[in-house]
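One structure below.
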Amino acid sequence: MRISELLRTALRSLRANKKRSFLTIIGIMIGIAAVITILGIGDGITQTMYDKFGNNAKQGQQTTEIYYMPDNENSTVSGFNQQDMANIDNQFGGEIRRVRIEHETANINTRADLGDVSKNVTVSLLRAAPTDVKLVAGHRLTANEMATGQAVAMMKSSLARHQYGTAQNALGTTVTVGATTYQIVGVYQDQAEYSMDGGQNKFGASFLLPKDLYYQGDTASSGNTIKLTFDQGSNAGQISKQVAKYLKKNGSAANQGSYQYEDMEKELKQFSSQMSIITKFISFIAAISLFIAGIGVMNMMYISVSERTQEIGIRLAVGATPFNIMMQFLVEAVALTVTGGLLGFLGGAGLAHLIAPLLSSSIGGGIHIHAHITMTAFLMAFGTSAAVGLIFGILPARQAANKNLIDILR
Amino acid sequence: MIKLTNINKYYRQGDHRFHVLHDINLSVDQGELVAIIGESGSGKSTLINIIGFLDDDFSGTYFYEDHPIHDYTRKQFSHLQNQNVGFVFQNFKLIREATVAENVALPLLYTGKRRREIGDRVTAVLDQVGLHGYEDQLPQNMSGGQQQRVSIARAIVGHPHFLIADEPTGALDTETSQEIMNLFKRLNRDEGTTIIMVTHDPHVAAQCERVVKIIDGRVVSDSLEVHHADK
């Protein structure tokens, strides 16, 4: 008998018992839906983490950073200078697309002299006029002031009030950071140190200074962080590790501190492996539900076989082989479970898309988790449900095939 | 065509062994219309199940054309059964949820034919049994006589070499019985189909050219042999 005919026959007899068929597949639906929901959200969270903290794999290139930590915290030695850059370029030029010194621009901890008072403050560096601050007194740093290299700065209002009583009083005073003395031209309202999505907020600093003035001379060509840029597909973590190792031996300040490469990707991998443990655990529970559902299918198939003894007899009498009969019942069982599996897949995908925004809003902090339903998840739902049908359908189907025709017809 | 020699058949029920058929010897030639008559429990149904390749649990020899049926396995049976025999049962044995056309098409589907290849053949046999235009009816909405016609249509759709009919008129009234008998006779005369039927009904048996009587598992009379004896 042709497969198309087998399918037709199976679907017709399932339709003849709509309610029973539906009840039987509910278990499969719930099991598959649970797994798909968990997988979808778990993959979504992992994906969000990678997008946010991964080596920017998304933008077609990857970047990593190597830090220099001086042994003496107060030392002013820089870990990287132009010679180091040239050396790295020579050694690893084939694998690294670009290497440059990364200057910190946000919330740098430093000492500053306000008039004759010396304080620990944080400063953020600007390249363009700040628009995201709310002005309390004076004016914002202008593009013109930046371009012409004027030593001007802005101060946050709480510090201004603390030091000079009012924001107005702070205007015209000076602050000395490093070797440069800046004149305060504006006071801005305080902002939180961290932004909504958990990153640093550079406008949370005490002072806003022009970047070009802060890094000049030696400080402009050296620094404590370098940024490596890789082409898509290269093993960024591995190469960065080699660069750090090379620097430990040959770096310009290797004897006064250490070069460190922190592999975010590695931590992310750990995170995602933890996620997959959770996923596996929940899948295990879902597997129990699938097992119970499978027993339901088996039960229903046994009932069906005994109800349809006459039909089996008729089919055998008109020339069906026992194998034909077995296939017919097996196809029925698989059709049941696959239908359940696909419905469960749709339900699970829908549920994951519903839950993900709820989860994002309960976490807050501007993190957006999108449910991530993969092709693998689809194939898994399809494969698992088909397998349940085969496993739990084979015994009833064999019983149907082994019926004694003479006994049926008597 | 059919040659049974020394067929014995036992049923086992618990510790008891019933000897159902005793040394049956029977030959049927192409084109015969044979009635097997006998009391209930005389073993006539058992006999035609053996003839129709439904039962392989017997001793003795059974040659169908050149096939040694007594040596065949069940798998080889189904094939032979599908190609060579059509069955007609007392209670029709149609699949209730399937339409007339689907019921009639079943034997052809099991030989591996496509649905659209067999539409014409199904229509033709339905015409032959006088059920023109009944393709999409459900059997449960039809009268007993009509259902038996569907069953006959199903039996002959695959051009079988012979028909086995187990009390084909047992569930029908006299008039309908006669219609079904006329149909059998026409098939036998016009198409040359060999028909072996079991019946209780003396009127039905009287219309068959050969009557075999079985009592307690033994052939006690065969009109053909009587005929021979007369010569």
Take peptide B:82-89, look around each residue's Cβ out to 10 angstrom, count Cβ atoms belonging to other protein chains, and average those counts. 3
Using only atoms on other chains, find how many Cβ atoms lie within 10 Å of each Cβ of peptide B:97-106 and report the average. 3
If I model a spin label at A:Ile295 and B:Ser223 as a point 7 Å from the Cα along the Cα→Cβ vector, what separation in nanometres do I get? 6.2 nm
Going by average Cβ neighbours within 10 Å, how do the peptides B:170-180, A:341-351 rank, with the highest at the top? A:341-351, B:170-180
Looking only at B:Glu32, B:Glu209, B:Glu102, which one moves most when chain B is put into a Gaussian network model with springs between Cα atoms under 10 Å? B:Glu209
Using each residue's phi in region A:177-194, evaluate 6.51 cos²θ - 1.76 cosθ + 1.60 at θ = phi - 60° and report the 3J(HN,Hα) Karplus result to the nearest Hz, with x for Gly and Pro. 10, x, 9, 9, 10, 10, 9, 6, 10, x, 10, 10, 5, 4, 10, 5, 6, 10
Ranked by GNM mean-square fluctuation in chain A (Cα springs under 10 Å), the top entry among A:Leu290, A:Leu336, A:Leu114 is A:Leu114
Once you order the gyration tensor axes a ≥ b ≥ c over the Cα atoms, which shape class does region A:370-410 get: rounded for a/c under 1.5, otherwise prolate or oblate by comparing a/b with b/c? prolate
Calculated FRET efficiency for the pair A:Val77/A:Ile285, C-beta based, R₀ 51 Å, to 0.05: 0.35
Return the percentage of antiparallel bridges among DSSP beta bridges fully within the protein assembly as shown, rounded to the nearest 5 %. 65 percent
Using alpha-carbon positions, what is the distance between the centroids of region A:121-153 and region A:233-277, in Å? 36 Å
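Magnitude of the Cβ-charge dipole of the protein assembly as shown, K/R +1 and D/E -1, about the Cα centre, nearest 20 debye?
Value, rounded to 20: 960 debye.
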Around B:Lys44 (Cβ within 10 Å, Cβ-to-Cβ, excluding B:Lys44; K/R +1, D/E -1) the net charge comes to -2
Just report the Cα centroid separation between region B:62-85 and region A:358-410, whole Å. 42 Å
With angles folded into 0 to 90 degrees, how steeply does helix A:3-16 sit against the dominant principal axis of chain A? Use alpha carbons for both and round to 10. 90 degrees
Restricting to Cα pairs under 8 Å and 6 or more apart, the percent relative contact order of chain A works out to 29 percent
Classify chain A: rounded, prolate or oblate, from the alpha-carbon gyration tensor (a ≥ b ≥ c, eigenvalue square roots; a/c under 1.5 rounded; otherwise prolate if a/b is larger than b/c)? prolate
Which of B:Phe162, B:Phe77, B:Phe184 fluctuates most in a GNM of chain B (C-alpha springs under 10 Å)? That residue is B:Phe77
Measuring from the longest principal axis of the C-alpha atoms of chain A, the long axis of helix A:82-92 (C-alpha) lies at a number of degrees, nearest 10, equal to 30 degrees
Report the calculated FRET efficiency for A:Lys211 and A:Gln274 (r = Cβ-Cβ distance, R0 = 30 Å), to the nearest 0.05. 0.15
Do any trypsin sites (Lys or Arg not before Pro) in region B:97-175 lie in a loop, going by DSSP, with at most 13 other beta-carbon atoms within 10 Å of their beta carbon, and if so which? B:Arg114
With a ≥ b ≥ c from the Cα gyration tensor eigenvalues, square-rooted, and the rule rounded for a/c under 1.5, otherwise prolate when a/b > b/c and oblate otherwise, chain B is prolate
Relative contact order of chain B, pairs being alpha-carbon contacts under 8 Å that are 6 or more residues apart, as %: 29 percent
Relative to the longest principal axis of chain B, what angle (0 to 90°, nearest 10) does the C-alpha long axis of helix B:115-128 take? 70 degrees
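Averaged over its residues, how many other protein chain Cβ atoms are within 10 Å of peptide A:307-318's Cβ atoms?
Per residue, the number of nearby Cβ atoms from other chains is 6 on average.
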Note down the relative contact order for region B:160-215 as a percent, whole number, built from C-alpha pairs under 8 angstrom at least six residues apart. 47 percent
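No value in this document is a laboratory result; all are computed from the given coordinates. What you are looking at is a predicted structure, and each value in this text was computed from that prediction instead of being measured. With ideal geometry, Cβ positions are generated from the backbone for all residues, glycine too; neighbour counts draw on all protein chains shown.
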